[in-house]
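**Q** Just dropping this structure here.
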Amino acid sequence: MEKVILIKYGELTTKKANRNLFVNTLYKNICDKLKDYEVKISKNRVRMFIKTNEDENIIVNKLQEVFGIHSIVVCYVVNNNIDTIKQSVLEVVSNIKFKTFKVETKRSNKNFEFSSMEFNNIIGSLILKNIDNIRVDVHNPDYILKLEIREDNTYIYTKEIAGLGGYPTKVAGRGLLMLSGGIDSPVAGFLAMKRGIEVECIYFESPPHTSEGAKLKVKNLVKTLCKYQAKIKLHIVYFTKIQEQIYKNIDSSYMITIMRRMMYRISKNVASSNNCLVIINGESVGQVASQTLSSMNVINSVTNFPVLRPVCCLDKLEIIDISKKIGTYDISILPYEDCCTIFLPKHPVINPSLEKAINYEELINYEELINNIKVDTIIIDSNYEEFDF
């Protein structure tokens, strides 16, 4: 028997005429993820196969960071000869301890002489005859033996490991993530990647009001997200002059509203110049004053650029749970303030007036400030080094 890692596509199989695009993108992403390992990868329209002499657990762990994979299976491959299948099944199950079991056969090879149900019974009887003190339990078995009988070979396995699902990153185009140092926006970026969006990030810093530690924190968040996308472009916007003008000239209750409107304008410009099709952020409805529906309406009115809010209907505990799973939570809670919190007013308006917002903006020459704003761009990957908190 030959051991291989089998990849099931899941949602990709619904794409019909576009399936090849999705499968080929997934194939490239997997090749990039496993470039440091000795593997041989082959694919067809319904499955992908990886052969390797590396530790299979390491390979499986890497594959669990790739979007577009429904499940990962370490399996044994044999030819479609019935006697060979039987012999191989006995070799597999003889190394496993169980009291109850069932057999599940999927037969895509319609030339195979037995139906799936018939072959379940044949293999089940074989196991019962050769292993003592066991019985069949089709409802709640200790052990499930799975067989896939395909045109080329038969695949024997016992366990499916869940993948991330979704679409392969980059298949849907590019989006610009408004990344702060908080918990929500990295999760929003992760969920956007899951829908096939290649993410770039924009971060607003206000030195000397924000620290170097706050920027390093954001870079570390980006590096963590690089587990799910090979490399990420980070645009660092020097927001100090605009933020100081807002602080000096605008009523404190409207400072956050005006600041967010400026961020949207700048993000739209950066997105357009980098061929991004959407802006992405971590806004969750009602979580803070700037994220009430009326605030979102006033803030969003400065641009007709599409805005995605992947966490908008999740509560905080759901967002925290995802952040812990993807590895960003411990970074996000480090105590470094970003520009959204340094001048936070005691009583920000929660139902701002668009007319008032426009009138307040007339007190500062924001168009000139935006046109002359400084933006630095760096590319971060999983090997990026610059972190010293």
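**Q** From the Cα gyration tensor of the range 212-348, with a ≥ b ≥ c the square roots of its eigenvalues, which class applies: rounded if a/c is under 1.5, or else prolate if a/b is larger than b/c, or else oblate?
**A** In terms of gyration-tensor shape, rounded.
**Q** Using Cα-only point scatterers and the Debye equation, what is log10 of I(q)/I(0) for the range 2-162 at each q in 0.09, 0.14, 0.18, 0.20 Å⁻¹, rounded to two decimals?
**A** -0.33, -0.77, -1.15, -1.29
**Q** Okay, moving on. Determine the calculated [θ] at 222 nm for the chain from helices alone, applying -39500 (n - 2.57) to every DSSP H run no shorter than 4 residues and normalising by the residue count; nearest 500 deg cm²/dmol. All intermediate terms of the calculation are to be shown ahead of the outcome.
**A** Values: 13 runs with 141 residues, N = 389.
The helix contribution divided over the chain gives -11000 deg cm²/dmol.
**Q** Sort out for me the Cα centre separation of the range 238-286 from the range 152-197, rounded to whole Å.
**A** Here the answer is 27 Å between Cα centres.
**Q** Further question: Measuring from the lowest to the highest alpha carbon on each principal axis, how far does the chain reach, largest first, in angstroms?
**A** Taking the Cα atoms of the chain, the three principal extents are 86, 43, 38 Å.
**Q** Please give the net charge around residue 149, taking every other residue with its beta carbon less than 12 angstrom from that of residue 149, where Lys and Arg add +1 and Asp and Glu add -1.
**A** -1
**Q** May I pose another question? Work from the charge dipole of the chain (Cβ charges, +1 for Lys and Arg, -1 for Asp and Glu, about the Cα centre) and give the residue of 24, 350, 84 farthest towards its positive end.
**A** 84
**Q** Also: Please list, in order along the range 142-147, the HN-Hα scalar couplings obtained from phi with the Karplus expression 6.51 cos²θ - 1.76 cosθ + 1.60 (θ = phi - 60°), rounded to whole Hz, x for Gly and Pro.
**A** 5, 9, 10, 9, 10, 10
**Q** Residue 301: net charge of surrounding residues, Cβ under 14 Å, Lys/Arg +1, Asp/Glu -1, itself excluded?
**A** My count for the surroundings of residue 301 gives +3.
**Q** Can you tell me the orientation of helix 240-249 relative to the chain, as the angle in degrees between its alpha-carbon axis and the longest Cα principal axis, to the nearest 10?
**A** Compared with the principal axis, the helix lies near 50 degrees.
**Q** Considering amide H positions built from the backbone, and no H for Pro or chain starts, which residues 5 or more places from residue 67, or on another chain, come under 5 Å of its amide H?
**A** The list, which skips near neighbours in sequence, is 169.
**Q** Sticking with this structure for a sec: In units of 2.2 N^0.38 Å, what is the alpha-carbon radius of gyration of the range 313-365?
**A** Details: Rg = 16.8 Å, N = 53, 2.2 N^0.38 = 9.9 Å.
Against the compact-globule rule of thumb, the ratio is 1.69.
**Q** Across the range 240-292, how large is the tail of the calculated P(r) beyond 16 Å, expressed as a percent of all Cα pairs?
**A** So the pairs more than 16 Å apart make up 52 percent of the total in the range 240-292.
**Q** Could I ask something else about it? Report, in degrees rounded to the nearest 10, the 0 to 90 angle that the Cα long axis of helix 19-33 makes with the longest principal axis of the chain.
**A** On a 0 to 90 degree scale, this one is about 80.
**Q** With the chain treated as a Gaussian network of Cα nodes joined by springs under 10 Å, which of 100, 328, 240 yields the largest mean-square fluctuation?
**A** Highest fluctuation of the listed residues: 100.
**Q** Divide, for the range 68-177, the radius of gyration over alpha carbons by 2.2 N^0.38 Å, where N is the residue count.
**A** In units of the 2.2 N^0.38 Å rule of thumb, it is 1.31.
**Q** On to the next question. Which pairs, out of 16/316; 33/325; 194/248; 33/159; 51/217, put more than 30 Å between their alpha-carbon atoms?
**A** Over 30 Å Cα-Cα: 16/316; 194/248; 51/217.
**Q** Follow-up question, since we're still on this one. By how many degrees, 0 to 90 and rounded to 10, does the Cα axis of helix 82-93 deviate from the longest principal axis of the chain?
**A** Value to nearest ten degrees: 60.
Each value in this text was obtained by applying a stated rule to the coordinates, not by laboratory testing. All values derive from a computational prediction rather than experimental measurement. Glycine gets a Cβ as well: all are built from the backbone with ideal geometry, and neighbour counts include every protein chain shown.
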